[in-house]
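Each remark here refers to the structure printed beneath this line.
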Amino acid sequence: MQDASARQAFETAVAQIEDGNREGARETLSGVLDAYPEYAEARLALGILLGSDGKKSEARRHMRMALDQLGVDTRTGTESLRGQVLVNLCALALEEGDWEEVAAFESEFETVQDALQRQGIVEQAASILFDAANRAVKEERVTQARRLYLRAVSLDTEFGEAWYNLAVIASEDGELPEAQEYLRRAVAAEETFADAHFLLGTLLLPTSPEEAVTHMEKAVGLAPDNAQWTTLLGSAYARERDFEHARETFARAVRLDDSHADAHLGFAVASRALGDEESARSALRRAFELNPELAGRIQQMMQDRE
């Protein structure tokens with residue numbers, strides 16, 4: 001337990017930092033810790049100084065020590081200090097590419113969540129977890145990534161991108177109800193999240209086509225230059241036998257990207273359904289020119305309608 005002189009020395013170090021005397025502050029804080037190694041607040045301040053000076057490994061060592069010390073500290077206010085140490089430690093770990101240290105402390109964020117909220121750093125904490133999860137995905141450590149994303153959205157329920165990434169993982173694992181729920185949370189948090197709207201639409205198409213089309217329309221409205229999405233929206237209309245809308249949409253996709261064979265093929269399907277054989281044949285020829293592998297599908301379409 002530090003005494004009044006230690007507290008005074010710590011406040012001197014704070015004043016030195018404010019005055020730009022970083023070297024003096026480091027010396028003062030080191031002296032405090034030599035006399036009172038359990039002074040976690042001083043250890044945090046020294047760690048922040050060392051980290052900003054590029055001595056990240058040493059800074060992390062001090063912050064780990066501070067976390068250990070705070071783990072047995074029952075004084076009022078300890079939770080707030082623990083939250084600050086945790087956020088700074090994990091930020092430094094990410095700067096050094098060590099997402100696994102963030103994963104190791106993932107459950108600690110729940111313990112200090114209220115303190116992070118009070119201090120206004122809960123979104124920063126969620127972003128750290130999100131970044132660590134992204135790195136886990138790159139290393140194909142999906143279980144750890146999912147856990148980190150879930151912790152991020154538990155801290156920040158309006159974190160649309162984290163909800164979206166959870167949905168991608170769930171959909172790849174065949175967990176479609178979970179993926180749809182995550183995507184609903186994503187678009188509720190961020191109404192203009194085009195990717196989330198479009199993925200939700202494609203996942204809903206087999207079971208809830210009307211709702212699916214609504215989300216796909218929203219996505220295409222937000223990204224009107226996306227020829228692929230526009231083509232898939234046209235396919236959704238055709239699936240529902242709304243061939244007028246389908247043909248208009250395929251035509252728009254062709255205007256966006258004349259090299260998109262599937263858009264030409266879709267235009268042909270819709271045109272033929274509407275009785276416009278000439279337009280259908282012209283579109284089929286263009287589709288074949290762009291992608292000869294479509295020959296089988298085109299040949300079937302060229303046959304007389306039953």
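Quote to one decimal, in nm, the extra length available between Glu23 and Lys138 on full extension: 0.36 nm per residue of separation minus the C-alpha distance between them.
37.5 nm
Once the mean 1/r over all distinct Cα pairs of the stretch 1-147 is inverted, what Kirkwood radius in angstroms do you read off?
15.9 Å
About the Cα centre of the stretch 227-306, how large is the charge dipole given +1 on each Lys and Arg Cβ and -1 on each Asp and Glu Cβ? Please answer in debye to the nearest 20. If you can, show how the numbers build up before the last one.
Working: 11 positive and 14 negative charges, 10 e Å.
It comes to approximately 40 debye.
Relative contact order for the chain: what is it in percent, counting Cα pairs under 8 Å that are at least 6 residues apart?
Answer for the chain is 7 percent.
Starting from 0.36 nm per residue, how many nanometres of slack lie between Ala188 and Ser282 once their C-alpha separation is accounted for?
Result: 29.5 nm gained on full extension.
Tilt of helix 122-138 relative to the longest C-alpha principal axis of the chain, in degrees (0 to 90, nearest 10)?
Its long axis makes an angle of about 60 degrees.
Test of understanding: what is the full-extension gain from Thr157 to Ala4, defined as 0.36 nm times their sequence separation minus their Cα-Cα distance? Working shown, then result.
Working: separation 153, 0.36 × 153 = 55.08 nm, distance 4.20 nm.
Here the segment from Thr157 to Ala4 would lengthen by 50.9 nm.
Loop only by DSSP, 16 or fewer other Cβ within 10 Å of the Cβ. Give me the trypsin sites (Lys or Arg not before Pro) in the stretch 1-75 that pass, ordered by residue number.
Lys55, Arg75
Give the lysines reachable from Lys138 as a straight Cα distance under 25 Å; neighbours fewer than 8 places away on the same chain don't count.
Reachable lysines: Lys56.
With +1 on each Lys and Arg Cβ and -1 on each Asp and Glu Cβ, how big is the dipole of the chain about its Cα centre, in debye rounded to the nearest 20?
Taking the Cα centre of the chain as origin, the dipole is about 340 debye.
Scan the stretch 110-160 for GluC sites (Glu not before Pro) in coil per DSSP, keeping those whose Cβ has at most 12 other Cβ atoms within 10 Å, and list them by number.
Answer by residue number: Glu139, Glu140.
If you line up the long axis of helix 40-52 against the longest principal axis of the chain, both from Cα atoms, how many degrees apart are they, to the nearest 10?
It is inclined by approximately 60 degrees.
Just from its helices, what would the mean residue ellipticity at 222 nm be for the chain, if runs of 4 or more DSSP H residues each count -39500 (n - 2.57) and the sum is divided by every residue, rounded to the nearest 500 deg cm²/dmol? Write down the numbers at each step before the final one.
Values: 19 runs with 238 residues, N = 306.
Helices in the chain give a 222 nm mean residue ellipticity of -24500 deg cm²/dmol.
Where the centroid of each part is defined by its Cα atoms, how far is the stretch 1-40 from the stretch 131-165 in Å?
When both Cα centres are located, 37 Å separates them.
Would you order Arg141, Arg151 from fewest to most other beta-carbon atoms within 10 Å of each residue's own beta-carbon?
Ordered from fewest to most neighbouring Cβ atoms within 10 Å, Arg141, Arg151 come out as Arg141, Arg151.
Tell me which label goes with the value of semi-axes √(5λ) of the Cα gyration tensor in Å computed from the coordinates here: (i) 32, 22, 18; (ii) 36, 24, 18; (iii) 60, 18, 15.
Of the listed options (i) 32, 22, 18; (ii) 36, 24, 18; (iii) 60, 18, 15, (iii) comes from this structure.
At a 10 Å Cβ-Cβ cut-off, how would you order Tyr182, Tyr39, Tyr149, fewest neighbours first?
Tyr39, Tyr182, Tyr149
What is the dipole size for the stretch 1-74, taken about its Cα centre, with +1 at each Lys and Arg Cβ and -1 at each Asp and Glu Cβ, in debye to the nearest 20?
Using only the charged Cβ atoms, the result is roughly 380 debye.
None of the figures in this text is laboratory data; all of them are computed from the coordinates on show. A quick note: this is a predicted structure, and the numbers were derived from the prediction, not measured. With ideal geometry, Cβ positions are generated from the backbone for all residues, glycine too; neighbour counts draw on all protein chains shown.
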